[in-house]
Amino acid sequence: MASLADAHICHECMVHPLLLAHGNAQRVLVLGGGDGGSAREALRHPSVREVVVAELDAQVPATILQYMPTLADGAFDDPRTTLVIGDARVLVDAALARAEAFDAVILDLTDADGEAATLHGAPFFAKLRALLGPRGAIALQLGAPWFEADQVARMLDALRSVFKFVQPINTYVPLYGTLWALAFASDSLDVRGSEATVATQALLSRESLRHYSPARRAALFDIPPELMAVFGDR
């Protein structure tokens, strides 16, 4: 699903806290992301030299560019962007075989069931961990904690079995009609503990972000007490 009105919410929340905490991310891998939104946000950071977008269905970027071009906002025309049509699992395996490394991996995928189920479990997360460079981290969507509590908790458990730092966030997404859960995971980058206030202000003064801000950042990491059983360490 994509919406010009609020698709920016998830994209901004997945990309900016991670890249700002890293401070010098140069290579970004987006798994899924055929609407171009996550690539668009990553390209706002001057340090980023390459964004690889792995999209399974060629019709996704084609349809977006035809009917909703402002969502990608030129991301696919940027010389730093490489669009790869194919299975993300194949791309990750090939990248590992070539000993490639990425500073950030953004999972902008379909729901964590069906064909995409294997992309949301510990074995695949372990592959992404091996693909990360120093201070590298991944960001992903977990689902609706009020209505998909088991799924959200299961994915957090899988992440915690692989990574040292697993930090969930939450925000309301009108398109989904509910509170939405996302997370960052890394062995070396503490996204929550890295405020990057100066860098954030510089980004905000340079770019027209619609959702993410220093004040919003604090709210993202503030998990409602009644949902701690879903989000918390168990």
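Among the numbered conditions (1) modelled with pLDDT of 95 or more; (2) in contact with a helix residue (DSSP H, G or I) (Cβ under 6 Å, 6 or more places away or on another chain), tell me where D73 comes up short.
Every condition holds for D73 apart from (1).
Among L175, L209, L159, L203, which is touching a residue at least 40 places away in the same chain (Cβ under 8 Å) and crowded, with 17+ Cβ neighbours inside 10 Å? Let's see the steps before the verdict.
Numbers: L175 fails: crowded, with 17+ Cβ neighbours inside 10 Å; L209 fails: crowded, with 17+ Cβ neighbours inside 10 Å; L159 fails: touching a residue at least 40 places away in the same chain (Cβ under 8 Å).
Selected residue: L203, the only one of L175, L209, L159, L203 that is touching a residue at least 40 places away in the same chain (Cβ under 8 Å) and crowded, with 17+ Cβ neighbours inside 10 Å.
Cβ-Cβ under 8 Å, sequence separation 6+ or interchain: first residue in the stretch 14-30 and under 19 Å from L83 (Cβ atoms) and open to solvent by 10 Å² or more (accessible area, probe 1.4 Å), partner in a strand (DSSP E or B) and acidic (D, E). Which pairs?
Here the result reads Q26/E50; Q26/D103; R27/E50; R27/D103, each pair linking the stretch 14-30 to a residue that is in a strand (DSSP E or B) and acidic (D, E).
Tally time: how many residues in the stretch 142-152 are buried (at least 18 other Cβ atoms within 10 Å of the Cβ) and touching a helix residue (DSSP H, G or I) at 6+ places or on another chain (Cβ under 7 Å)?
Final tally of qualifying residues: 4.
Which residues, taken from the stretch 31-46, are in contact (Cβ under 8 Å) with a residue 12 or more places away in the chain, within 14 Å of P79 (Cα to Cα) and surrounded by fewer than 24 Cβ atoms within 10 Å (Cβ to Cβ)?
Residues satisfying the conditions are L43, R44.
Tell me which residues, restricted to the stretch 177-222, are among the charged types (D, E, K, R) and not in a loop (DSSP other than H, G, I, E, B).
Taking the stretch 177-222 as the starting set, the residues that turn out to be among the charged types (D, E, K, R) are 187, 190, 192, 195, 206-207, 210, 216-217, 222.
Selection gives R206, R216, R217.
Does any residue of the stretch 187-200 turn out to be exposed (fewer than 13 other Cβ atoms within 10 Å of the Cβ) and among the polar types (S, T, N, Q)? Full working, then the answer.
To start, the set of residues in the stretch 187-200 that are exposed (fewer than 13 other Cβ atoms within 10 Å of the Cβ) comprises 193, 197-198.
From what is left, the residues that are among the polar types (S, T, N, Q) are 197.
Checked against the condition, which is being exposed (fewer than 13 other Cβ atoms within 10 Å of the Cβ) and among the polar types (S, T, N, Q), the stretch 187-200 yields at least one hit.
In the stretch 74-95, how many residues are open to solvent by 60 Å² or more (accessible area, probe 1.4 Å), aliphatic (A, V, I, L, M) and touching a residue at least 24 places away in the same chain (Cβ under 8 Å)?
Total satisfying the criteria: 2.
For the stretch 104-118, how many residues meet the condition of being within 20 Å of A39 (Cα to Cα) and either open to solvent by 10 Å² or more (accessible area, probe 1.4 Å) or over 16 Å from the mean Cα position of the chain (by Cα) (or both)?
Start the filter on the stretch 104-118 by keeping residues that are within 20 Å of A39 (Cα to Cα), which leaves 104-111.
Filter once more, keeping what is either open to solvent by 10 Å² or more (accessible area, probe 1.4 Å) or over 16 Å from the mean Cα position of the chain (by Cα) (or both): 108-111.
Residues that pass the stated criteria total 4.
Hey, can you tell me all the residues within the stretch 63-73 that are open to solvent by 50 Å² or more (accessible area, probe 1.4 Å) and in a helix (DSSP H, G or I)? Outline the logic, then answer.
Kept after step one, since they are open to solvent by 50 Å² or more (accessible area, probe 1.4 Å), are these residues of the stretch 63-73: 63, 65-67, 69-70, 73.
Within the stretch 63-73, T63, L65, Q66, Y67, P69, T70 qualify.
Check off (1) under 30 Å from A99 (Cβ atoms); (2) surrounded by fewer than 18 Cβ atoms within 10 Å (Cβ to Cβ) for A139 and give me the number that stays unchecked.
Status for A139: all satisfied but (2).
The values are calculated or read from the model by the stated rules, or taken from the named source; none is laboratory data. All values reported here derive from a predicted model rather than from experimental measurement. When we count neighbours, we look across all protein chains shown, and the Cβ atoms used for this are built from the backbone with ideal geometry, even at glycine. Heads up: the accessible areas ignore ligands, DNA and RNA and are worked out on the full protein's heavy atoms, side chains in. Shrake-Rupley method; radii C 1.70, N 1.55, O 1.52, S 1.80 Å.
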